[in-house]
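The values are calculated or read from the model by the stated rules, or taken from the named source; none is laboratory data. Quick caveat, the model's predicted, so the values are computed rather than measured. We place every Cβ from the backbone using ideal geometry, glycine too, and count neighbours over all the protein chains shown. These accessible areas exclude ligands, DNA and RNA; they are computed on the full protein's heavy atoms, side chains included. Shrake-Rupley method; radii C 1.70, N 1.55, O 1.52, S 1.80 Å.
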Amino acid sequence: LAAELPSEHFSDLNCSNCHSPSGSDRREVEQLCRDLTACLDKDSKASLDLPAFASSADDSSALRHCLQAATNFLEVATAGVDVQRADVEVAADFLSAILAADVPVRLLSLLEELDFEAQKDASRLFSALLRPVAGAGLPSSVVKYVQDRMMLTRMLLQGCAQPEVVLHCGVMFRALIQSPELTSSLLESDAALELMRLGTHANFDVAGDAFVSLRDLLVKNKKVSAAYLCSHFEAFFDAFHSSLLLSEGSTSRSYMTQRQGLRILGEILLDPAFGQVMQRYAANVCF
């Protein structure tokens, strides 16, 4: 399907007529993908002398319509309830086209320029792309897309440090954690260490969201995270204690930071899935 979506002239980027494709109507799906990529394409916008997102309410509305239509289509097609095989195949083609157009990365790069409601729609579509297909799990194409673009993870973590977009970036980051393969990639890329750092952020929203993401990263896919903690035991817990429980010079962290850190630590050590980790932690005199 991606090859069938030429970047031709779009006479009207105001996609107020965008709607979720009806079932397996491939033409509607193709049109929706063209509309969405056109709305995200700054070069196309510039060639048509259209204003930037931040200064055009009509433009933001156009993007929102496309984001909502794409999200609704994906959510229905992957629900696994009364979905025809043809619908699933068209949805797979649509997903491939969205990834080929690099829509997730382009959404993140534009996130700060969008108004709050458009940011919510972008976050919802991103999460829909990461939604496992009923009975089949997350498509391998999505896993490969994220693993081949670790800049996407960096962009999300950078967004998690910005109070203006942290709520949306946090939701999108946690969407990645639904996949065991992506959880492993996030852990190996030191995402947990970055979230520990953000847990001490002066902004309450940033710090609070970082703890939510850190907890999910460590306990959503317990088999994956237990293996990671065993192989990175000293590095992880040294960072955990220095970042969340004590600072340099043995000066205590704030009460809320310590409380959140101890809550996550207790949840890990008391879970049977982390039995080996608990035994090593209890035997280590440094902790």
In region 81-98, the residues that are modelled with pLDDT of 80 or more and acidic (Asp, Glu) = ASP93
Restricting attention to region 275-287, the residues that are assigned to a loop (DSSP other than H, G, I, E, B) and open to solvent by 80 Å² or more (accessible area, probe 1.4 Å) number exactly 2
Among residues of region 60-80 being touching a Leu at 6+ places or on another chain (Cβ under 8 Å) and hydroxyl-bearing (Ser, Thr, Tyr), the residue modelled with the highest pLDDT is THR71
Selection within region 169-221 - among the β-branched types (Val, Ile, Thr) and part of a loop (DSSP other than H, G, I, E, B) | ILE177, THR200
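Between LEU198, LEU193, LEU187, which is of a type outside the set (Lys, Arg) and open to solvent by 40 Å² or more (accessible area, probe 1.4 Å)?
Working: LEU198 fails: open to solvent by 40 Å² or more (accessible area, probe 1.4 Å); LEU187 fails: open to solvent by 40 Å² or more (accessible area, probe 1.4 Å).
None of the other options fit; the residue is LEU193.
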For region 153-178, which residues satisfy the criterion of being polar (S, T, N, Q) and under 11 Å from the mean Cα position of the chain (by Cα)?
-> THR153, GLN178
Condition broken by ARG215, with the remaining ones in (1) open to solvent by 60 Å² or more (accessible area, probe 1.4 Å); (2) touching an Asp or Glu at 6+ places or on another chain (Cβ under 9 Å); (3) closer than 17 Å to MET155 by Cα satisfied | (3)
Of a type in the set (A, V, I, L, M, F, W, C), at pLDDT 95 or above and touching an Asp or Glu at 6+ places or on another chain (Cβ under 6 Å) - does that describe any residue in region 152-163?
-> yes
Among what's in region 100-124 and is outside any helix (DSSP H, G or I) and not small (Gly, Ala, Ser), pick the residue that is farthest from the chain's Cα centre (by Cα).
-> ASP115
Using the structure shown, decide if ARG174 is within 20 Å of ASP148 (Cα to Cα) and either in contact (Cβ under 8 Å) with a residue 60 or more places away in the chain or surrounded by fewer than 21 Cβ atoms within 10 Å (Cβ to Cβ) (or both).
-> yes
A careful count of residues in region 134-148 that are out of contact with any helix residue (DSSP H, G or I) (no Cβ under 6 Å at 6 or more places or on another chain) and buried (at least 19 other Cβ atoms within 10 Å of the Cβ) gives 3
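Residues are listed down the side, and each one gets a yes or a no for (1) of a type in the set (Gly, Ala, Ser); (2) open to solvent by 60 Å² or more (accessible area, probe 1.4 Å); (3) in contact (Cβ under 8 Å) with a residue 24 or more places away in the chain; (4) not in a loop (DSSP other than H, G, I, E, B):
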| position | (1), (2), (3), (4) |
| --- | --- |
| PHE237 | no, no, yes, yes |
| HIS241 | no, no, yes, yes |
| LEU244 | no, no, yes, yes |
| ARG259 | no, yes, no, yes |
| ALA273 | yes, no, yes, yes |
Working only within region 115-159, note down all residues that are farther than 25 Å from CYS39 by Cβ and of a type outside the set (D, E, K, R).
-> PRO132, VAL133, ALA134, GLY135, ALA136, GLY137, LEU138, SER140, VAL143, GLN147, MET150, LEU157
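Take the conditions part of a helix (DSSP H, G or I), open to solvent by 30 Å² or more (accessible area, probe 1.4 Å), in contact with a Pro (Cβ under 8 Å, 6 or more places away or on another chain) and of a type outside the set (Phe, Trp, Tyr) and apply them to VAL224. Does it pass? Show your work before the answer.
Details: part of a helix (DSSP H, G or I): yes; open to solvent by 30 Å² or more (accessible area, probe 1.4 Å): yes; in contact with a Pro (Cβ under 8 Å, 6 or more places away or on another chain): yes; of a type outside the set (Phe, Trp, Tyr): yes.
Here the answer is yes, as VAL224 does meet what is asked.
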